[in-house]
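The values are calculated or read from the model by the stated rules, or taken from the named source; none is laboratory data. Bear in mind the structure is a predicted one, so any value in this text is a computation, not a measurement. For neighbour counting, all protein chains shown are included, and Cβ atoms are generated from backbone atoms with ideal geometry for every residue, glycine included.
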């Protein structure tokens, strides 16, 4: 049996969007199990002395990231809508409620569909994923019960669980998103998705 | 005719090593012309407030980069020797003399061979590429005349040329290495080598 791959994603992360939309198909062709694990980059960036995304701090890097996203979404056939540069709330978005909802949702068979729909709403449709009304609509559309999931998202044990994901990520040396861990290896970035899944196969 | 692709490389950059060793074969299969352009990241990093490589500033990022280099050099069949972590001169190395020598060498048919040999000496053999004796040996081995090239490396117009490469890179929005520019597009990283070459084809 191949070892499972853990997929660490941050809802506010552009390249996590690409990986979230691709990982299922790539995992299926390899018969590799993928464990989805939402986490937050904010505390990890803060520990590096950053108060926001490096794409917001370093303009040249940020500008090319958006162009890169346009090219890659074209290549993968995904929707994309660049956030307004003059709206500081547009990027990076506040992702904590979405991450807590995902922790609840990922116990259900429709959980990954919900996660993908959050990314599409944000990066293809330009919507605000901190809005509980939007999140509720996405939960219902994915097949869940929005009131139950959003209630669970605010539960103490859900908040603790998300905090633990962040602590675990830091302990594993994770410094960006998406990341993939398998069999003691850490792979960073959508560009390493295939390599991470292949690693699971070679260690089976 | 496909548009030419400019390959921007920094000798001290680990991922530039990977790209330098791969670009020729990938370009040949596509019949795309590649223009090699050495530049320096130091002034570009300084403009972002960094006094060294981000891999040296951010330990988790640096640690994973070295592991990533081991995995990728294994995958590509390239030599690799991780620099000693306790030697601050080991990474990033001082690359200015090598870059000036490359500016002279790249006018000659053996210029790219020399550039590749600088990378191999540094990242596969752990040698110090700021050493003029080593650079002279590599020039001679590539088919050049070391005394002539090293004399040219110290010429005013060579230094001016390297400075212009750095200014041109900044004007193009380049913030890391390797980078590829083609037809108004900027691609960052060894991971985008194929995409940059493919872009040249689609615009032909």
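When segment A:38-48 is filtered for residues that are surrounded by 18 or more Cβ atoms within 10 Å (Cβ to Cβ) and not in a loop (DSSP other than H, G, I, E, B), the ones remaining, listed by number, are A:38, A:42, A:44, A:45.
Somewhere in segment B:181-188, is a residue out of contact with any helix residue (DSSP H, G or I) (no Cβ under 7 Å at 6 or more places or on another chain), crowded, with 19+ Cβ neighbours inside 10 Å and under 30 Å from residue A:59 (Cα atoms)? Yes - at least one qualifying residue is present in segment B:181-188.
Exactly one residue out of B:27, B:90 is outside any helix (DSSP H, G or I) and over 16 Å from the mean Cα position of the chain (by Cα): that is B:90.
Filter segment A:66-81 down to the residues that are more than 9 Å from chain B (Cβ to nearest Cβ) and part of a helix (DSSP H, G or I) and list them by number. Walk me through how you get there before you give the answer.
Looking only at segment A:66-81, we keep the residues that are more than 9 Å from chain B (Cβ to nearest Cβ), and these are A:66, A:69-70, A:73-74, A:76-81.
Once the filter is applied, which keeps residues that are more than 9 Å from chain B (Cβ to nearest Cβ) and part of a helix (DSSP H, G or I), segment A:66-81 yields A:66, A:69, A:70, A:73, A:74, A:76.
If you go through segment B:147-204 one residue at a time, how many are over 17 Å from the mean Cα position of the chain (by Cα), in contact (Cβ under 8 Å) with a residue 40 or more places away in the chain and on the phi > 0 side of the Ramachandran plot? Residues meeting the conditions: 1.
Residue-wise test of (1) modelled with pLDDT of 95 or more; (2) within 18 Å of residue A:19 (Cβ to Cβ); (3) away from chain B (no Cβ under 14 Å).
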{"residue": "A:130", "(1), (2), (3)": "yes, no, yes"}
{"residue": "A:166", "(1), (2), (3)": "yes, no, no"}
{"residue": "A:197", "(1), (2), (3)": "yes, yes, no"}
{"residue": "A:202", "(1), (2), (3)": "no, no, no"}
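Just checking, does segment B:100-116 include any residue being under 30 Å from residue A:191 (Cα atoms), at pLDDT 95 or above and surrounded by fewer than 19 Cβ atoms within 10 Å (Cβ to Cβ)? There is at least one residue in segment B:100-116 that is under 30 Å from residue A:191 (Cα atoms), at pLDDT 95 or above and surrounded by fewer than 19 Cβ atoms within 10 Å (Cβ to Cβ). Considering segment B:46-65, the residues that are within 16 Å of residue A:189 (Cβ to Cβ) and in contact with a helix residue (DSSP H, G or I) (Cβ under 7 Å, 6 or more places away or on another chain) include one that is farthest from the other protein chains (Cβ to nearest Cβ), namely B:55. For segment B:106-136, a tally of residues being free of Cβ contacts under 8 Å to residues at least 24 places away in the same chain and part of a helix (DSSP H, G or I) returns 4. Count of segment B:137-163 residues, restricted to those that are farther than 23 Å from residue B:8 by Cα and assigned to a helix (DSSP H, G or I), is 7.
The single condition among (1) farther than 16 Å from residue A:7 by Cα; (2) within 14 Å of another protein chain (Cβ to nearest Cβ); (3) at pLDDT 95 or above; (4) surrounded by 15 or more Cβ atoms within 10 Å (Cβ to Cβ) that residue A:93 does not meet is (2).
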